[in-house]
Ligand code: BG6
Ligand code: MG
């Protein structure tokens, strides 16, 4: 029986995915590398450095050293964090707020399972820091999605078994990670195209129909 939910953050609870895209786009344009929204979908759930490697698949310039790659990732993160400064509680939709409150009311345990090292900063900016029993993010993992580590740790932090957890994800890599962790996976947004998802939802509150009342 499901008694716990693990939410991806970017693209599920807040639409920071558009800021990730804008920041990578600026970096890629400066480097003269083609980048579009389709390529951006491959970066969902993927760590910063792995995202850079995906973008560099189209790079045709002189070989880049490890330091140069780190500088590019840093440049993207600086642009991204500038964009995050604009975020406020208004960036959390009524549907998301209602869903989190309703799940709590029904006695569910809630966690974050995000690959991002900026997750806590975002949760603070939008006023959601106190809405979760546990936060598992880019700071406590060594392997990013599709590896299950981030979700396995989220369950561990809540002291829950994988089979009692449902993951909500907008990334293909996140759905794979959830299944590899032995959890149920609900797909929203782009991840709805994944065949591995157990459930496909239009909006977050649809998950309320997936649990016994
Ligand atoms: C994930 C995003 O949540 O976090 C990815 O879907 C992103 O697109 C990853 O690359 C890492 O984020 P950050 O904030 O640590 O660069
Ligand atoms: Mg996401």
Gaussian network model of the chain, Cα within-10 Å springs - most flexible of 104, 25, 86 = 86
query = By how many degrees, between 0 and 90 and to the nearest 10, does the Cα long axis of helix 94-105 differ from the longest principal axis of the chain?
reply = 40 degrees
message = I'd like the distance separating the alpha-carbon centroids of segment 173-208 and segment 145-164, in whole Å.
response = 15 Å
request  = Report the extension gain between residue 26 and residue 199 in nm, rounded to one decimal, defined as 0.36 nm multiplied by the number of residues separating them, less their alpha carbon distance.
outcome  = 58.8 nm
ask   = What angle do you read, to the nearest 10 degrees and between 0 and 90, between the alpha-carbon axis of helix 66-84 and the longest principal axis of the chain?
value = 60 degrees
ask   = How high is the relative contact order of the chain, in percent, with contacts defined as C-alpha pairs under 8 Å that are six or more residues apart?
value = 26 percent
query = When 47, 93 are ordered from fewest to most other Cβ atoms inside 10 Å of their Cβ, what list results?
reply = 93, 47
query = Say R0 is 22 Å: what FRET efficiency, to the nearest 0.05, do residue 211 and residue 139 get from their beta-carbon distance?
reply = 0.15
query = To the nearest 500 deg cm²/dmol, what mean residue ellipticity at 222 nm is calculated for the chain from DSSP H runs of n ≥ 4 alone, each contributing -39,500 (n - 2.57), summed and divided by the residues?
reply = -12000 deg cm²/dmol
key: Radius of gyration and Dmax over the Cα atoms of segment 17-84, both given in Å   = 10.9, 32
ask   = Could you give the nm distance between label points at residue 104 and residue 159, where each point is 7 Å from its Cα heading toward the beta carbon?
value = 2.0 nm
ask   = Against the longest alpha carbon principal axis of the chain, how many degrees, from 0 to 90 and to the nearest 10, is the axis of helix 149-158 turned?
value = 40 degrees
key: Two-decimal log10 I(q)/I(0) for the chain, as the Debye equation yields it once each C-alpha is a single scatterer, q = 0.08, 0.16, 0.17, 0.19 Å⁻¹   = -0.27, -1.03, -1.15, -1.40
Residue with peak Gaussian network fluctuation, the chain [Cα springs, cutoff 10 Å], from 58, 42, 192 = 58
ask   = Tell me, what is the percent relative contact order of segment 17-84, built from C-alpha pairs under 8 Å that lie six or more residues apart?
value = 45 percent
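Values quoted throughout were computed directly from the atomic coordinates according to the rules given, and no laboratory measurement underlies them. Everything numeric in this text was worked out from a predicted model, so none of it was measured. Please note: Cβ atoms are built from the backbone with ideal geometry, for glycine as well, and neighbour counts cover all protein chains shown.
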